[in-house]
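K.L.:
Following this message is one structure expressed as structure tokens.
The values are calculated or read from the model by the stated rules, or taken from the named source; none is laboratory data. Keep in mind that this is a model prediction, so the values were computed, not measured. All Cβ positions, even for glycine, are placed from backbone atoms using ideal geometry, and neighbour counts span all protein chains on display. Surface accessibility is based on the protein's heavy atoms, side chains included, excluding ligands, DNA and RNA. Shrake-Rupley method; radii C 1.70, N 1.55, O 1.52, S 1.80 Å.
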Amino acid sequence: MRELPRGTVTFLFTDIEGSTRLLRDLGAEEYAAALAGHRRVLREAFERHGGVEVDTQGDAFFVAFPTAPGALDAAREAQHALELPVRMGLHTGTPLLTDEGYVGGDVHRAARIAAAGHGRQVLVSAATAALVRRDELRDLGEHRLKDLSASERIFQLGGEDFPALRTLYRTNLPIPATQFLGRERELAEVRELLTRDDARLLTLTGAGGSGKTRLSLQAAAEAAEAYPDGVWWVPLAPLADPADVMPAAARALGGTGAAAELMGSRRLLLLFDNFEHVIAAAAAVAELLASCPNADVLVTSRERLRIQGEQVYPVPVLAREESRRFFVARARGVEPDFEPNEHLDELCARLDDLPLALELAAARTSLLTTEQLLDRLGARLDLLKGGRDADVRQQTLRATIEWSYELLDPDEQKLLAALSVFRGGWTLEAAEQVADADLDLLQSLVDKSLVRRWEGGRFAMLETIREFARERLDESGGVEVLQERLFGYLLRLLPRWRETRTGLVEIIDRLGEELANYRAALAWALEEDPRSCLELATALGRFWVIRDPAEGNQWLTTALDRTAEQPPELRAEALLWVGSCRAFLGDDSEREEIFEESLSIFRALGDTGRVGDTLDRLAGVRAAGGKLEEAKAAAEEGLAVFEQLGEQNGAMYILDKVALIAREEGDTDGARETLERVLALAREFDDSWWATRTMVRLALWSFDDGDPGRSGELVADGARLAIALGDRVHLAECFGLRASIAAAHGEPATAGRFWGALEAVERERDWLDPQTRAGYSSRADPARGQEFDSAAEQMRQLSLDDALAAALAEID
């Protein structure tokens with residue numbers, strides 16, 4: 001059996017849906033044969049893509065893969081070959097590997113993701129989705145998995161429709177993109193009607209664009225507590241056949257049988273949205289209510305259902321004052337200085353006080369005054385009305401985007417399509433260099449709400465619009481050129497790390513804004529030209545070390561494995577960053593060998609600066625491994641190299657290793673004195689990340705040497721710098737240290753709060769390697785008890801931002 005993968009691992013869980021029913025239907029002999037075939041198919045797929053079988057129980061598999069793409073490929077291949085309805089779940093993390101197997105929350109999360117799915121469905125966690133090609137994944141939104149306290153964004157491999165996921169949220173109500181404005185009276189009236197025993201069927205009627213859907217969603221959300229079995233949204237816009245209404249309701253409820261049987265006596269609310277084009281299904285709603293005595297139904301429709309017991313609530317257009325408030329709020333979203341004038345009332349009247357029409361018009365106020373809007377409104381509004389009465393309502397969102405798209409001139413359409421190459425936003429400079437953006441054309445797209453301008457100057461599209469625009473780009477055949485331009489632009493953004501020691505906070509923040517684009521470029525290059533992927537992943541080296549060593553290690557190792565011909569200088573640089581990333585993952589396997597190979601290549605190339613840098617890393621890994629004489633030799637040679645080059649900052653890094661060696665030899669005072677000197681140099685050179693790293697190490701040594709006062713000072717400064725850099729590893733260490741200090745002072749509540757802050761940081765992922773985390777845990781042990789646990793739990797309940805704010809306030 002192959003060795004279980006370490007470091008960043010992708011887990012795949014599988015099991016057969018409805019296996020008990022299949023056994024009953026097929027009989028024992030036939031089911032046994034089917035089960036054997038199912039196991040053969042899965043194991044062959046796992047083997048082909050590098051999976052290692054961790055455990056098998058009954059019809060379920062637990063498999064570990066060294067790469068996320070490999071796991072996804074195995075799942076896809078297996079599903080294509082399987083005859084039985086197997087559900088699968090994938091999640092990527094950095095679990096602890098012990099003699100007993102994998103340990104940690106990542107294992108449980110992967111299992112829960114699989115359990116949330118349906119037969120023939122492959123579910124993918126956000127962590128895994130970030131490491132694979134996203135164009136074959138469907139975003140299923142945020143879900144709360146069983147036994148998990150936080151919501152998790154789940155993706156699905158492929159675009160097939162399945163019933164709702166089996167998650168703990170007893171609602172599938174969509175999250176509106178904008179704040180609910182006005183409608184206080186209507187909302188109260190609808191809420192009151194929902195509480196009446198004689199209004200089990202409530203239909204909201206009104207003109208297209210009058211806000212029926214938005215009002216119904218708000219009312220259903222506010223009434224949710226009255227429905228212990230959930231509030232379920234059934235979108236009917238995609239349906240063409242009235243016979244499909246009840247199956248759609250069943251899918252919304254998470255099943256595939258008859259909706260009435262699924263509902264039974266459950267106390268729930270069904271919200272049928274956009275009923276008018278399937279009005280013939282009204283009788284089925286009446287039958288449903290008769291069969292399910294505890295269910296209520298809320299409907300939005302342009303016409304009432306005309307069945308017994310129906311309570312109709314006509315949704316009026318906005319009152320004029322509400323129209324003004326609504327328009328001003330939306331207009332200020334695109335033009336903060338917008339002020340209403342004497343033309344606004346007439347504009348609202350011309351728009352029939354319809355919320356959607358007001359929103360579309362408000363989007364133009366960054367370019368047009370209300371008077372200019374009035375002059376240009378007529379034909380556009382006629383087209384809007386015509387589009388909404390047509391059959392294209394079956395794809396409401398697409399129809400809306402197409403309507404906006406068709407209003408663009410050809411140059412605007414071309415630019416919109418080109419901008420879809422970006423992920424996670426872009427700058428004006430990027431738009432000009434990659435998409436040949438003209439400033440006026442870009443402004444036009446912003447004014448027409450197809451592109452948004454964020455605070456800080458970045459631009460972005462809603463993902464739905466970006467997907468539509470990407471379809472247009474794919475049709476044009478211009479994808480490859482734009483991908484190459486984006487790749488080149490992103491590569492040019494990256495600094496030469498050896499010459500970049502100052503201004504790191506700003507540099508890392510800027511690169512962090514582009515991370516989605518970097519991931520997309522890396523994924524594209526990995527498929528098209530792995531060597532280019534390796535170049536870009538390597539050029540991101542210090543960014544990975546500071547922001548996300550696990551992801552950096554994944555990209556670098558994958559690209560190294562996939563690149564056949566590696567120029568010596570590229571391989572040496574890539575290996576240098578692989579080893580550097582692994583220093584923060586608790587993965588010391590092969591680190592010394594990795595640095596030795598890198599050093600050998602740099603020596604052969606005559607790259608003296610990189611020889612010194614690699615000797616620095618090599619001294620560190622040898623000292624940590626107890627090879628003190630070899631560590632000294634590397635450190636001494638490294639110091640000589642940097643003295644020859646006149647690079648004081650390089651010597652600063654080596655001094656860090658000198659301190660580490662001294663401490664390993666028992667010279668604690670000398671070690672701390674040397675490290676204080678390193679910290680002073682880091683501040684002098686404005687190397688904020690090295691200062692952070694040094695503060696954390698010095699704080700730990702000070703604490704262990706009985707100087708908690710100095711340790712506390714360093715932790716406070718280090719935590720602030722770590723937050724500024726987005727450095728989660730050292731931030732978690734700061735909170736672990738602060739908990740340790742409080743424990744030493746006999747302050748269990750304070751220790752608990754900082755331990756809870758550490759756990760809040762690690763909700764994103766396990767940033768600390770197991771050994772480091774265990775060390776902080778043992779230092780905090782003296783404070784553990786009811787008071788500690790209660791304080792920690794309070795912090796765990798906070799959002800990450802709130803937990804960080806609370807922890808920093810206490811540190812200050």
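K.L.:
So who's got an amide H within less than 5 Å of the one on residue 423, skipping anything under 5 residues away but keeping other chains? H placed 1.01 Å off N, in plane.
P.N.:
Counting only residues 5 or more places away or on other chains, the set is 517.
K.L.:
In square nanometres, what is one fourth of the surface area of the convex hull spanned by the alpha carbons of region 226-273?
P.N.:
Values: hull surface 13.0 nm².
One quarter of the hull surface, i.e. the mean projection, equals 3.2 nm².
K.L.:
At what distance in nm do the modelled label points of residue 198 and residue 39 sit from each other, each positioned 7 Å from its Cα along Cα→Cβ?
P.N.:
Placing both labels 7 Å beyond Cα along the Cβ direction yields 6.5 nm.
K.L.:
Quick one: what are the phi-derived ³J(HN,Hα) couplings along region 773-782, Karplus 6.51/-1.76/1.60 with θ = phi - 60°, whole Hz, x for glycine and proline?
P.N.:
4, 4, x, 5, 4, 5, 5, 8, 3, x
K.L.:
Next question. Pop the C-beta distance of residue 406 and residue 261 into the FRET formula with R0 = 41 Å and round what comes out to the nearest 0.05. Please list the in-between numbers first.
P.N.:
On the way: r = 45 Å, r/R0 = 1.09.
For R0 = 41 Å, the calculated efficiency reads 0.40.
K.L.:
Please list, in order along region 734-741, the HN-Hα scalar couplings obtained from phi with the Karplus expression 6.51 cos²θ - 1.76 cosθ + 1.60 (θ = phi - 60°), rounded to whole Hz, x for Gly and Pro.
P.N.:
Going residue by residue, I get 4, 5, x, 5, 5, 5, 5, 4 Hz, with x marking Gly and Pro.
K.L.:
Hand me the GluC sites (Glu not before Pro) from region 613-697 located in a DSSP loop with no more than 14 other Cβ atoms within 10 Å, in residue order please.
P.N.:
Details: sites: 629, 630, 636, 637, 643, 647, 664, 665, 673, 676, 684; in loops: 647, 665.
Filter output for region 613-697: 665.
K.L.:
Considering Cα pairs under 8 angstrom that are at least six residues apart, work out the relative contact order of region 587-689 and quote it in whole percent.
P.N.:
On the way: 110 pairs, mean separation 21.0, N = 103.
After rounding, I find 20 percent.
K.L.:
Using 0.36 nm per residue, how much length does the chain from residue 801 to residue 345 gain when fully extended, once their Cα-Cα distance is taken away?
P.N.:
Numbers: separation 456, 0.36 × 456 = 164.16 nm, distance 4.16 nm.
Gain on stretching residue 801 to residue 345: 160.0 nm.
K.L.:
What 222 nm value per residue comes from the helices of the chain, counting each DSSP H run with n ≥ 4 as -39,500 (n - 2.57) and dividing by all residues, nearest 500 deg cm²/dmol? Spell out each step's value before the answer.
P.N.:
Numbers: 38 runs with 474 residues, N = 812.
Mean residue ellipticity at 222 nm (helix-derived): -18500 deg cm²/dmol.
K.L.:
Hey, another quick one. With θ taken as phi - 60° and the coefficients 6.51, -1.76 and 1.60, list the Karplus ³J(HN,Hα) couplings across region 647-659 in order, rounded to whole Hz; mark glycine and proline as x.
P.N.:
Listing the rounded values in order: 9, 5, 5, x, 4, 4, 5, 5, 4, 4, 6, 4, 5 Hz.
K.L.:
What number, in nm² with one decimal, is the all-direction average of the projected area of the convex hull of the alpha-carbon atoms of region 698-777? Intermediate results must be reported in sequence, preceding the final value.
P.N.:
Values: hull surface 19.0 nm².
Taking a quarter of the hull surface, the average projection is 4.7 nm².
K.L.:
Per 0.36 nm of contour for each residue apart, how much would the distance between residue 98 and residue 25 grow if the chain were fully extended, relative to their Cα-Cα spacing?
P.N.:
My answer for the length gained is 22.1 nm.
K.L.:
What is the antiparallel percent of DSSP beta bridges lying wholly in the chain, to the nearest 5? Before the final figure, lay out each step's value.
P.N.:
Working: 33 of 57 bridges.
Around 60 percent of the beta bridges assigned by DSSP in the chain are antiparallel ones.
K.L.:
Using a Förster radius of 30 Å, what is the FRET efficiency between residue 135 and residue 561 based on their Cβ-Cβ separation? Nearest 0.05, please. Spell out each step's value before the answer.
P.N.:
On the way: r = 22 Å, r/R0 = 0.74.
Efficiency computed from Cβ-Cβ geometry: 0.85.
K.L.:
Return the loop-located GluC sites (Glu not before Pro) in region 404-497 (DSSP other than H, G, I, E, B) with at most 13 other Cβ atoms within 10 Å of their own Cβ; answer none if there are none. List each step's numbers first, then the result.
P.N.:
Numbers: sites: 406, 412, 429, 432, 455, 463, 467, 471, 475, 480, 484; in loops: 455.
Answer in residue order: 455.
K.L.:
What span do the alpha-carbon atoms of the chain cover on each of the three principal axes, reported in whole Å from largest to smallest?
P.N.:
Largest first, the chain extends 89, 75, 58 Å along its Cα principal axes.
K.L.:
Taking all protein chains in place and a 1.4 Å probe, what share, in percent, of the accessible surface of region 573-696 do carbon and sulfur account for?
P.N.:
The value for region 573-696 is 45 percent carbon and sulfur by accessible area.
K.L.:
When N is the residue count of region 600-708, what does its C-alpha Rg come to as a fraction of 2.2 N^0.38 Å? Walk me through the intermediate numbers first.
P.N.:
Numbers: Rg = 13.9 Å, N = 109, 2.2 N^0.38 = 13.1 Å.
Dividing the Cα radius of gyration by 2.2 N^0.38 Å gives 1.06.
K.L.:
Express the Stokes-Einstein translational diffusion coefficient of region 328-373 in µm² s⁻¹, to the nearest whole number, given a Kirkwood radius over alpha-carbon pairs, 37 °C and a viscosity of 0.692 mPa s.
P.N.:
Numbers: Rh = 10.3 Å.
Calculated translational D: 318 µm²/s.
K.L.:
Kindly state, to the nearest 0.05, the FRET efficiency for residue 429 paired with residue 337, given R0 = 22 Å and r defined as their beta-carbon distance.
P.N.:
Between residue 429 and residue 337 the formula returns 0.30.
K.L.:
Tell me, what does the Kirkwood hydrodynamic radius of region 279-373 come to in angstroms if you use every pair of distinct C-alpha atoms? Mind dumping the intermediate values first?
P.N.:
Working: mean 1/r = 0.0627 Å⁻¹.
For region 279-373, inverting the mean 1/r across all distinct Cα pairs yields 15.9 Å.
K.L.:
Next question, about the same structure. Report the extension gain between residue 808 and residue 665 in nm, rounded to one decimal, defined as 0.36 nm multiplied by the number of residues separating them, less their alpha carbon distance.
P.N.:
47.9 nm
K.L.:
Relative contact order for the chain: what percent, with Cα pairs under 8 Å and sequence separation of 6 or more? If you can, show how the numbers build up before the last one.
P.N.:
Numbers: 1295 pairs, mean separation 52.6, N = 812.
RCO, the chain: 6 percent.
K.L.:
Would you please give the residues with an amide H less than 5 Å from that of residue 271, counting only those at least 5 places away or on a separate chain, with H modeled from the backbone geometry?
P.N.:
The list, which skips near neighbours in sequence, is 232, 233, 234, 298.
K.L.:
Tell me the relative contact order for region 220-336 as a rounded percent, counting alpha carbon contacts under 8 Å between residues six or more apart.
P.N.:
Details: 144 pairs, mean separation 27.4, N = 117.
Over region 220-336, the number comes to 23 percent.
K.L.:
Between residue 569 and residue 673, how many nm apart are label points set 7 Å from Cα along the C-beta direction?
P.N.:
Between residue 569 and residue 673, the simple spin-label model gives 4.3 nm.
K.L.:
Students often get this wrong: which residues of region 201-242 have the backbone nitrogen under 15 Å from the point 7 angstrom along Cα-to-C-beta of residue 467?
P.N.:
Label zone hits: 238.
K.L.:
Then there's this: Restricting things to Cα coordinates, could you compute the convex hull volume per residue of region 730-812 in Å³? Could the numbers behind the result be given before it?
P.N.:
Details: hull volume 6.1 nm³, N = 83.
Convex hull volume per residue, Cα atoms: 74 Å³.
K.L.:
What whole-number value in Å² describes the accessible area per residue of the chain for a 1.4 Å probe? Mind dumping the intermediate values first?
P.N.:
Values: 35130 Å² over 812 residues.
With all protein chains present, the chain gives 43 Å² per residue.
K.L.:
Another question, if that's okay. Can you list the residues, at least 5 places off or on another chain, whose amide H is less than 5 Å from the amide H of residue 201, using H built in the peptide plane?
P.N.:
Amide H neighbours of residue 201: 297, 311.
K.L.:
With the crude spin-label approximation of a point 7 Å out along Cα→Cβ, what separation in nm comes out for residue 629 versus residue 605?
P.N.:
Label-label distance for residue 629 and residue 605, simple model: 3.2 nm.
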